[in-house]
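Presented below is the structure to which this report refers.
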Amino acid sequence: MKIIYADNAATTPVSPTARQVLLETMDQVWGNPSSLHTVGQAANEVLQKARQDVAKCLNAQKDREIYFTSGGSESDNQALLTGATLGKKKGKMHIISTAFEHHAVLHSLKRLEKEGFQVTLLDVGKQGIVTPEQVEAAIRPDTCMVSVMFANNEIGTIQPIAEIGAVCRKHGVLFHTDAVQAVGHVPVDVQAMHIDLLSLSAHKFGGPKGVGALYARTGVWLTNLIEGGAQERGKRGGTENVPGIAAMAAALTESCQHMAEVGEKLTVLR
């Protein structure tokens, strides 16, 4: 029986390119990237090459702005905790988001509310869009962070991220975007869009499940979710999933290279 699969917003099949890189890395580069011997350093080289590739696709200023995680949910959690922690140190405990964020964001916000933070959830209207004007009107002197989903996983609307980012930069407020549904499908430029923190997940663009990344602009010092080691510059303990990370970077590079071509096909289908 032939199955017509139309649920790529939930997950995508692993691309042939990513699968090949995954298997080759598992077979040939199996060392611990934190080890100082030759086998470990070979794995570290693969890890750093993947970091470079992800940074390039996002137009990050530096490779070290990319931190590898287990996926979008972990990245969202760490981004929000970071914004809250930095805000609290300055006496700012107000966060702005939208009513139709992913639960990784909404549930994290609920948790922060229990810790004394105030949260404003902006309405997205009938068209599923939050405007820069809404964001600016909601910003208060005690606002520490704005978190707006790049592309919605249910209805597919794409937010005016660059404009919202400009508003946040103007007011000195950290800007996070859950770009899990956007990265690999639409152009993402963290510098031009004034993004401070960005979450992504490999399995949304042909990579394997259980691996993702968090972009953090230089100067945004991450708050740890996972302690236990010096991995990811001390910001995410645990031996890195080198095969998964290498496959993610391969899938993302491939997706970015063919983005315009795929976009034209989707426009026709729509």
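The values are calculated or read from the model by the stated rules, or taken from the named source; none is laboratory data. Owing to the predicted nature of the structure, the values given are computational and were not obtained by experimental measurement. Cβ sites come from the backbone with ideal geometry, for glycine too, and all protein chains shown count toward neighbours. Just so you know, the surface numbers come from the protein's heavy atoms only, side chains and all, with ligands and any DNA or RNA stripped out. Shrake-Rupley method; radii C 1.70, N 1.55, O 1.52, S 1.80 Å.
Would you confirm whether or not region 77-97 contains a residue that is assigned to a loop (DSSP other than H, G, I, E, B), hydrophobic (A, V, I, L, M, F, W, C) and modelled with pLDDT under 95?
Looking through region 77-97, none of the residues is assigned to a loop (DSSP other than H, G, I, E, B), hydrophobic (A, V, I, L, M, F, W, C) and modelled with pLDDT under 95.
Of the residues Ala99, Ala79, which is closer than 16 Å to Leu214 by Cβ and of a type in the set (A, V, I, L, M, F, W, C)?
Ala79
Suppose the filter is surrounded by 15 or more Cβ atoms within 10 Å (Cβ to Cβ), among the aliphatic types (A, V, I, L, M) and more than 21 Å from His94 (Cβ to Cβ); does Val130 pass it?
No.
Answer yes if at least one residue in region 254-263 is closer than 19 Å to Ser73 by Cβ and at pLDDT 95 or above, and no otherwise.
no
Given the conditions (1) part of a helix (DSSP H, G or I); (2) open to solvent by less than 40 Å² (accessible area, probe 1.4 Å); (3) closer than 14 Å to Leu198 by Cα, which single one is not true for Ala43?
Of (1) part of a helix (DSSP H, G or I); (2) open to solvent by less than 40 Å² (accessible area, probe 1.4 Å); (3) closer than 14 Å to Leu198 by Cα, only one is false for Ala43: (3).
Quick check on my filter: what residues within region 10-38 are surrounded by 14 or more Cβ atoms within 10 Å (Cβ to Cβ), of a type in the set (A, V, I, L, M) and in a helix (DSSP H, G or I)?
Residues satisfying the conditions are Ala18, Val21, Leu22, Met26.
Considering only residues that are closer than 12 Å to Ala249 by Cα and either part of a loop (DSSP other than H, G, I, E, B) or out of contact with any Gly (no Cβ under 9 Å at 6 or more places or on another chain) (or both), which ones fall in region 193-212?
Once the filter is applied, which keeps residues that are closer than 12 Å to Ala249 by Cα and either part of a loop (DSSP other than H, G, I, E, B) or out of contact with any Gly (no Cβ under 9 Å at 6 or more places or on another chain) (or both), region 193-212 yields Phe205, Gly206, Gly207, Pro208, Val211.
Find the residue count for region 74-103, including only residues that are open to solvent by 10 Å² or more (accessible area, probe 1.4 Å), touching a residue at least 40 places away in the same chain (Cβ under 8 Å) and either closer than 29 Å to Thr239 by Cα or small (Gly, Ala, Ser) (or both).
So the count comes out to 7.
In region 191-210, what residues are crowded, with 24+ Cβ neighbours inside 10 Å and either modelled with pLDDT under 95 or within 18 Å of Arg51 (Cβ to Cβ) (or both)?
Ile195, Leu197, Leu198, Ser199, Leu200, Ser201, Ala202, Phe205, Gly207
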